[in-house]
Amino acid sequence: MAGIGIRLNKIFSKNTITTNLFGFGYSMVITIAPMFLVIIAVMLMQGLLGFSRLGYAPRELYSCTVLYIFIFAMLTASPFNAVLSKYLSDVIYNETYEDIMPCYYVGLVMNIIFSCALGIPFCVREYFVGGVELFFVFAGYCGFIALVLVFYSMLYLNICKDYKKVSFFFLIGMGISIVLSLVLVYLMNMEVTYAMLISLDVGFWVIGCLELALLKSYFRENSGKYGALLQYFKKHWQLVVTNLLYTSGLYVHNFVFWTTDMKMVVADSFVCMTTYDMASCIAVFTNITASVIFISRVEMHFHERYKGYSEAVIGGRGIDIENAKQRMFSQLSEELMNLVRIQFIISVVIFFVCIILLPQFGMGGMVMRIYPCLAAGYFILFIMYAAIIFQYYYNDMMGAVMTSVSFFAATLFGSILATKLPSIWYGIGLVIGASVGWGVSYYRLRVMEKTLDVHIFCAGNILIKGRGKKPSNKVYEKEFSVQENTIRQKI
């Protein structure tokens, strides 16, 4: 992420209100703008096409379809993203750029197969059990696969620092979706929910194709080494577990409440709890700026300290290495504390704005009772994720696995407990899970600080690892001569 750090340093170095606002806006463009563009496009289509005037059943079917498309596209991509990022980072470091496209194709096939294994059985049930029209089912499935392609290709472009182009592609795709939806409804008299879903499908496919075209323009050579990536999944399995459990933990508390008596079932296939899901969405938006703040500050401050320590390890004196390590961990602690302080202020302001304004737009009652606890949970969760990123910096893979496992398990059991509590405490499961995960991650970072020298300098092997018969553990044997034996006998 060093590429945007230089740009942010130039912006914030002027230290004026205008440049600070511009720097914050630039950070949002390169991090969370795609998500907001999709939300804005969906809301515009609903407003322009009179979505609210439709019947209850078609509205809920469309909303659940879009909800499932996004949730499960993220879940099916989670086992692959971290390993692919690691592989791409090593390829770029070694400057073997011809290995990138084989990685892209192999990873895409794996991601699509995994996504189809979940998507096809669900679509079959939706058609035969739910009685949903085949064309609508197929449109939802196409949107799911298109979004899988979009999320997958975004990973490669983010590694290439093309954040602005990714946002621009989303702007093009969502613009096409809005225009196409108007054409389908007002010129071709298509039913509104069908038009909106097809338009989103086309927009996602346009984004995915643009991303793939840009990627192929960067990397024109293909080494044909399609098996190299598979070895990374075996070697770095901890990354698969960490990212999968972290992403699953984001939604597991929703899944728990989808099994309660408060759930809503649509077409005997889709299950959701509207009030809890809406409260979760608002809580995420309350704390989403933590991602912007973390990326900005890490790029501007911590990355330089980390680089300085790495350079000291390569060719510095012992005292230089120790001083660089102390400065690096001091910066790490400072970044975590600044993230907590800044995000706390922002979250409190957004929280009171939501409490005051949202009930006037019909989002009151149960949603506002569930929202405060979830807002606190997501606040802790984003801080925990920042600690996981720092664990990646120090290659503490087992620590990252411990963090994600504890977070997922605590969230799951905490949410099961929360279903028995009053509605104001429904989000306590996320609070418990994020707190446990944060505690484990912070403990591992402190352990890493104390044992970093061992981790850096004692991680190698004297002998090359291999398979076969274990050699004898005898390393020395003294042979006595006949004269030495005669002397010993006389003694």
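When you check I370 against the structure, is it hydrophobic (A, V, I, L, M, F, W, C), open to solvent by less than 10 Å² (accessible area, probe 1.4 Å), over 20 Å from the mean Cα position of the chain (by Cα) and modelled with pLDDT of 85 or more, yes or no? Here the answer is yes, as I370 does meet what is asked. Looking only at residues of the stretch 139-174 that are more than 24 Å from G107 (Cα to Cα) and without any contact (Cβ under 8 Å) to a residue 40 or more places away in the chain, we find that the one that is most open to solvent (accessible area, probe 1.4 Å) is F168. Within the option set G119, G107, G130, being on the phi < 0 side of the Ramachandran plot, touching a residue at least 40 places away in the same chain (Cβ under 8 Å) and not in a helix (DSSP H, G or I) holds for one residue only, G130. Selection of first residues in the stretch 261-289 that are closer than 25 Å to Y141 by Cα and free of Cβ contacts under 8 Å to residues at least 60 places away in the same chain and of second residues that are open to solvent by less than 40 Å² (accessible area, probe 1.4 Å) and assigned to a helix (DSSP H, G or I), restricted to Cβ pairs under 9 Å at least 6 apart or on distinct chains, gives the following pairs, ordered by first then second residue: K263/F257; V271/C64; M273/N254; M273/F257; T274/E60; T274/V367.
From the residues in the stretch 198-256 that are basic (K, R) and not in a helix (DSSP H, G or I), which one is surrounded by the most Cβ atoms within 10 Å (Cβ to Cβ)? Top of the filtered list is K225. Quick check: is even one residue across the stretch 223-234 out of contact with any helix residue (DSSP H, G or I) (no Cβ under 9 Å at 6 or more places or on another chain) and either basic (K, R) or in contact (Cβ under 8 Å) with a residue 60 or more places away in the chain (or both)? Checked against the condition, which is being out of contact with any helix residue (DSSP H, G or I) (no Cβ under 9 Å at 6 or more places or on another chain) and either basic (K, R) or in contact (Cβ under 8 Å) with a residue 60 or more places away in the chain (or both), the stretch 223-234 yields at least one hit. Can you tell me which residues in the stretch 384-424 are open to solvent by less than 10 Å² (accessible area, probe 1.4 Å), within 21 Å of I288 (Cβ to Cβ) and out of contact with any Gly (no Cβ under 9 Å at 6 or more places or on another chain)? The answer is A386, F390. Only one of the listed residues (N473, N485) is assigned to a helix (DSSP H, G or I), at pLDDT below 75 and out of contact with any Asp or Glu (no Cβ under 7 Å at 6 or more places or on another chain). That residue is N485. Quick check on my filter: what residues within the stretch 402-439 are in a loop (DSSP other than H, G, I, E, B) and either free of Cβ contacts under 8 Å to residues at least 60 places away in the same chain or not β-branched (V, I, T) (or both)? Across the stretch 402-439, the qualifying residues are K420, L421, P422, Y426, G427. Return the residue satisfying two criteria in turn: it lies in the stretch 257-280 and is of a type in the set (S, T, N, Q) and surrounded by fewer than 21 Cβ atoms within 10 Å (Cβ to Cβ), and of such residues it is nearest to A400 (Cα to Cα). So, considering only residues that are of a type in the set (S, T, N, Q) and surrounded by fewer than 21 Cβ atoms within 10 Å (Cβ to Cβ), the one nearest to A400 (Cα to Cα) is T259.
Here's the yes/no breakdown for (1) basic (K, R); (2) touching a residue at least 40 places away in the same chain (Cβ under 8 Å); (3) open to solvent by 70 Å² or more (accessible area, probe 1.4 Å):
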| position | (1), (2), (3) |
| --- | --- |
| Y306 | no, yes, no |
| I314 | no, no, yes |
| R317 | yes, no, yes |
| N323 | no, no, no |
| M328 | no, no, no |
| E334 | no, no, yes |
| I346 | no, yes, no |
| I350 | no, yes, no |
| I355 | no, no, no |
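The values are calculated or read from the model by the stated rules, or taken from the named source; none is laboratory data. Note that the structure is a prediction, hence the values are computed from the model and not measured. No Cβ is skipped: glycine too gets one built from the backbone with ideal geometry, and neighbour counts run over all protein chains shown. SASA here: full protein model, heavy atoms, side chains in, ligands and nucleic acids out. Shrake-Rupley method; radii C 1.70, N 1.55, O 1.52, S 1.80 Å.
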